[in-house]
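Notes for the one structure printed next.
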Amino acid sequence: MSSRRSTIKDVATLAGVSIATVSNVFSGSKPVNAKLRARVEKAARDLSYQVDRAASQLRSGQTKVIGVLVPDLDDVFFTSLVSRLEVRAQQDGYDVIVASSRDDPALELSRLRALLGWRPSALVAVPCTDAVPVILADEAHRLPIVLADRVVTEGAIADTVTIDNREAGEIAARHLLAMGHRDIVIAASHLSVAPIRERIQGADAFLRRRTGRAAIVVELGSNGERGAEHFANWLDRHARPTAVLALTNVITLAVLSAFAARRIDVPEDISIIGFDDYPWMSARKTALTAIRQPVDAMAQAIWERLLARIGGNAAAPQPVVLNTSLQVRDSVRNLAAAKAGMAVETALGVEDPNADEQPDGELPAVH
């Protein structure tokens, strides 16, 4: 049995077409009718033919490859974004190469060098810190780049696609206050990341305006297991809040794990608003109220900016800012309604069943 690797010429011969037609099928550089394309693709499968990207690059001087760098592929938000970018890339004849920095600036630099080694047509980067890697600043003048999510838009070196993080924080805080919550804890990942700080700022500013009280912020990191342990220990040492706002999907899981470890029920004991809104959040006995990020719209905006830059658009960097929405479910207890009900009962002279359990002259303890 021959171990010789099949070539483009072998595919052309088996399919009964020219080498140029095979090249057009796999490069997407020229349209090929559906019948010929099907013949070429079948011949390639029969011969186990693989496109030699390196050789194609040497011949053409360019690739139809998009590099994508994200901080963590364990985070569902980033995998969802990558998945949607892959769909759009395939529709336009591009391949996608993905790398993860694991939230490590040193590894981020290594991964970027590896991606740039492919000489991609463009690059999408979600930096792991506010500081855009210098290597990207050096490449921005020649390579189409879009910075997404974790990025400061002011003075950015390239197009940016983000959400309105301050608005997202305010939306969550507004809902919690409307439901009667005042003792609110914000569970964050890293305060060194701009979107997290902005979500906190949005929530905190709203709480201060309406109640005169600042939110308590607990930084848990980006590892779910360690975050759960840290938050469980925090709960042991502090008065129990009535509600928690978790600022990422990983942190939402960490908080729920901490609740489970301490046998805290949602929303009876503590209410929670999660972030990102993935199917698992509603596939629970108590479905989670959550801030939903527009992942589809983000991927579409990123892809549109990439195609514009690949097509020669040389305008100044453009920021695209998208809005989130609140998905209201069952994880936030309506304390306002409960207090209103108690007030009505008091007005009607309904006896408090727990009255005998409270010492004279003392109020119930706040947990």
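The values are calculated or read from the model by the stated rules, or taken from the named source; none is laboratory data. These figures come from a predicted structure and were not determined experimentally. Note that we place each Cβ from the backbone using ideal geometry, even for glycine, and neighbour counts take in every protein chain shown.
Can you tell me how many residues within the stretch 64-81 are among the hydrophobic types (A, V, I, L, M, F, W, C), buried (at least 21 other Cβ atoms within 10 Å of the Cβ) and in a loop (DSSP other than H, G, I, E, B)?
0
Going through the stretch 111-167 one residue at a time, which ones are assigned to a loop (DSSP other than H, G, I, E, B) and under 18 Å from L322 (Cα atoms)?
V126, D149, R150, V151, V152, T153, E154, A156, A158, D164
Let's see how each residue does on (1) surrounded by fewer than 22 Cβ atoms within 10 Å (Cβ to Cβ); (2) under 24 Å from the mean Cα position of the chain (by Cα); (3) outside the structural domain of F231 (by TED's automatic domain parsing):
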| position | (1), (2), (3) |
| --- | --- |
| R263 | yes, no, no |
| P267 | yes, no, no |
| G274 | no, yes, no |
| Y278 | yes, yes, no |
| L288 | no, yes, no |
| I302 | no, yes, yes |
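The conditions are (1) under 28 Å from P71 (Cβ atoms); (2) without any contact (Cβ under 8 Å) to a residue 24 or more places away in the chain, and R209 fails exactly one of them. Which is it?
Here R209 clears every test but (1).
For R142, are the conditions met, namely being within 15 Å of the chain's Cα centre (by Cα) and surrounded by fewer than 24 Cβ atoms within 10 Å (Cβ to Cβ)? Write out each step before concluding.
Values: within 15 Å of the chain's Cα centre (by Cα): no; surrounded by fewer than 24 Cβ atoms within 10 Å (Cβ to Cβ): yes.
Here the answer is no, as R142 does not meet what is asked.
What single numbered condition from (1) more than 19 Å from L307 (Cβ to Cβ); (2) at pLDDT 95 or above; (3) touching a helix residue (DSSP H, G or I) at 6+ places or on another chain (Cβ under 9 Å) fails to hold for V124?
(1)
Every residue in the stretch 257-280 that is out of contact with any strand residue (DSSP E or B) (no Cβ under 7 Å at 6 or more places or on another chain) and modelled with pLDDT of 95 or more, please.
Matches in the stretch 257-280: S257, A258, F259, A260, A261, R262, R263, I264, D265, P267, E268, D269.
Please specify each residue of the stretch 221-238 satisfying the condition of being closer than 23 Å to D72 by Cβ and either among the aliphatic types (A, V, I, L, M) or not in a helix (DSSP H, G or I) (or both).
G221, S222, N223, A228, A232
Could you tell me whether the stretch 192-204 includes any residue that is assigned to a loop (DSSP other than H, G, I, E, B) and more than 27 Å from V321 (Cβ to Cβ)? Spell out how you get there, then give the answer.
Initial filter on the stretch 192-204 (assigned to a loop (DSSP other than H, G, I, E, B)): 192-193.
From what's left, more than 27 Å from V321 (Cβ to Cβ): none.
Checking the stretch 192-204: not a single residue is assigned to a loop (DSSP other than H, G, I, E, B) and more than 27 Å from V321 (Cβ to Cβ).
Is it true that R142 is under 28 Å from S83 (Cα atoms) and outside the structural domain of A99 (by TED's automatic domain parsing)?
no
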